[in-house]
Structure formats: structure tokens, C-alpha cells
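Take a look at the structure set out below.
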Amino acid sequence: MSRFKWTFASLSLLIIAGCGNPQTKELSAPRNVTSIRVDSLKVEDLSENMSRLSTQEDEIYLFCFLSNDSTIHKIKSSSLLPFSKSIRSHALDLQFNDLQATDRLSFFLIELDENALSDSVVDHCSKAVQQQGFPRNFDHPKLDSLIGDDDLLGMRSLPANECWGPIKVTFQGRQLFDPFKYMLHLNGQ
């Protein structure tokens with residue numbers, strides 16, 4: 001047999017074998033997530049580590065909003081979470097129970113630049129969540145300017161039913177030319 005005929009015959013057998021044994025993927029029904037636990041926040045790249053003049057530390061607050069349409073049902077937040085080259089992770093224990101199929105969880109990651117967090121930060125985040133068409137029409141620069149000297153590193157919003165099992169939510173971008181990357185770990189059941 002010539003080399004061409006051998007190659008053609010081999011490919012034909014592979015194609016026939018693949019067609020003869022179809023594999024069907026079973027479609028599963030959407031799961032109804034009834035509880036979500038926010039487990040931890042980890043940093044891969046600090047927002048203040050680009051130059052020697054930077055602090056080489058981030059002081060982070062995480063705000064979590066459970067909402068349905070424009071109604072906020074629960075607000076939970078972390079304590080101040082300091083991150084540095086030696087502190088890369090913080091355990092969290094923020095639990096949301098009795099979730100409905102149409103609930104949504106929204107997360108705001110704020111980097112503290114002042115000595116204390118302004119009382120209005122939660123109000124500004126709440127108004128963003130309650131705005132018509134949220135999260136589709138979320139205006140990051142507007143909220144960042146409203147919270148003052150502190151920095152909005154990111155906002156992520158997920159339908160509760162998309163949070164089945166372990167989930168990783170990534171906050172990634174640049175803050176004043178310095179790249180950052182944080183990962184929020186959730187577990188939905």
C-alpha cells in the first residue's frame with residue numbers, strides 16, 4: 001500500500017469509529033441555589049506595589065449585597081482586610097441563606113486610602129445596586145468618584161443560581177497604572 005492510501009485508510013477508520021459511537025451529553029436542569037457562603041479573598045497582585053514609593057500594602061473592604069430587582073434584602077461586609085507581600089489571603093465567613101431563584105449577589109471591592117472608611121460608601125454602593133437596570137448600567141467611574149479618596153477596585157454581580165458549588169470571582173484591573181488581581185471564593189448549595 002502506498003503511503004497516501006495508508007494515511008487515507010487510517011483517517012477513514014478513525015472517522016467511522018468516531019461516528020459509530022456517539023457520545024451524548026446529559027443536560028441537567030438548572031439548580032436552585034438556596035445558600036451561598038463567601039469563603040475567602042486572596043490577592044495575586046496588590047494594587048499598591050508598582051514602585052518603591054508605593055506602600056506595598058492594600059487595605060481592602062468587601063461589601064456584599066443580596067438583592068432582587070432593585071430591593072436589597074441583606075448587606076454584609078468584611079472587616080478591614082490588610083494585604084501585603086506576606087499576607088496574601090483572608091478567610092471570610094459571610095453566609096447568605098434562604099435564597100430565591102431571582103436573587104442576585106453583588107460584590108464591591110474597595111481599597112482604603114484614607115485613615116477610615118467614609119460612612120457614605122455603603123450608601124453609594126446601595127444606590128448603585130438599586131438603580132434601574134443594574135448591573136447592566138453600572139457606572140464604575142461615577143461610583144469611584146462618589147466614594148472619594150478610597151478606590152473602587154471593582155464590582156461583580158452574579159445571579160444566585162449561577163453560584164452552584166465552588167466559584168471563583170476575579171477582580172482584575174489597574175489602579176493608577178498599577179495592575180491588581182484579587183480572587184473571591186464562594187460556595188453555593
Residues satisfying the stated conditions in region 68-79, i.e. open to solvent by 70 Å² or more (accessible area, probe 1.4 Å) and among the hydrophobic types (A, V, I, L, M, F, W, C): 75
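Name the residues in region 106-115 that are under 16 Å from the mean Cα position of the chain (by Cα) and either part of a loop (DSSP other than H, G, I, E, B) or among the hydroxyl-bearing types (Ser, Thr, Tyr) (or both), would you?
First, pick out the residues of region 106-115 that are under 16 Å from the mean Cα position of the chain (by Cα): 106-111.
106, the sole residue that qualifies.
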Output for region 128-143, where each listed residue is open to solvent by 40 Å² or more (accessible area, probe 1.4 Å), part of a helix (DSSP H, G or I) and closer than 20 Å to residue 111 by Cβ: 140, 141, 142
Top-ranked residue in region 157-189 [being charged (D, E, K, R) and either in contact (Cβ under 8 Å) with a residue 24 or more places away in the chain or under 30 Å from residue 32 (Cβ atoms) (or both); ranked as surrounded by the fewest Cβ atoms within 10 Å (Cβ to Cβ)]: 168
Test: residue in region 153-173 that is within 24 Å of residue 56 (Cβ to Cβ) and of a type in the set (Asp, Glu): no
Residue under evaluation residue 82, criteria (1) open to solvent by 80 Å² or more (accessible area, probe 1.4 Å); (2) within 20 Å of the chain's Cα centre (by Cα); (3) under 18 Å from residue 180 (Cβ atoms), criterion not met: (1)
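In this structure, does residue 118 turn out to be farther than 15 Å from residue 75 by Cβ, among the hydroxyl-bearing types (Ser, Thr, Tyr) and open to solvent by 10 Å² or more (accessible area, probe 1.4 Å)? Write out each step before concluding.
Details: farther than 15 Å from residue 75 by Cβ: yes; among the hydroxyl-bearing types (Ser, Thr, Tyr): yes; open to solvent by 10 Å² or more (accessible area, probe 1.4 Å): yes.
When the stated conditions are applied, residue 118 passes them.
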Test: residue 91 is modelled with pLDDT under 95 and closer than 30 Å to residue 164 by Cβ: no
Restricting region 90-105 to residues that are under 16 Å from residue 37 (Cβ atoms) and in a strand (DSSP E or B), the residue that is most open to solvent (accessible area, probe 1.4 Å): 93
Among residues of region 63-88, those that are among the aliphatic types (A, V, I, L, M), in a strand (DSSP E or B) and more than 13 Å from residue 43 (Cα to Cα), counted: 3
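So is residue 58 farther than 18 Å from residue 154 by Cα and acidic (Asp, Glu) or not?
On the way: farther than 18 Å from residue 154 by Cα: no; acidic (Asp, Glu): yes.
It is false that residue 58 is farther than 18 Å from residue 154 by Cα and acidic (Asp, Glu).
The values are calculated or read from the model by the stated rules, or taken from the named source; none is laboratory data. None of the values given here were measured: they were computed from a predicted structure. Positions of Cβ are generated from backbone atoms using ideal geometry, with glycine treated the same way; all protein chains shown enter the neighbour counts. The protein model used for the area step is the full one, side chains on, heavy atoms only, and it has no ligands, DNA or RNA in it. Shrake-Rupley method; radii C 1.70, N 1.55, O 1.52, S 1.80 Å.
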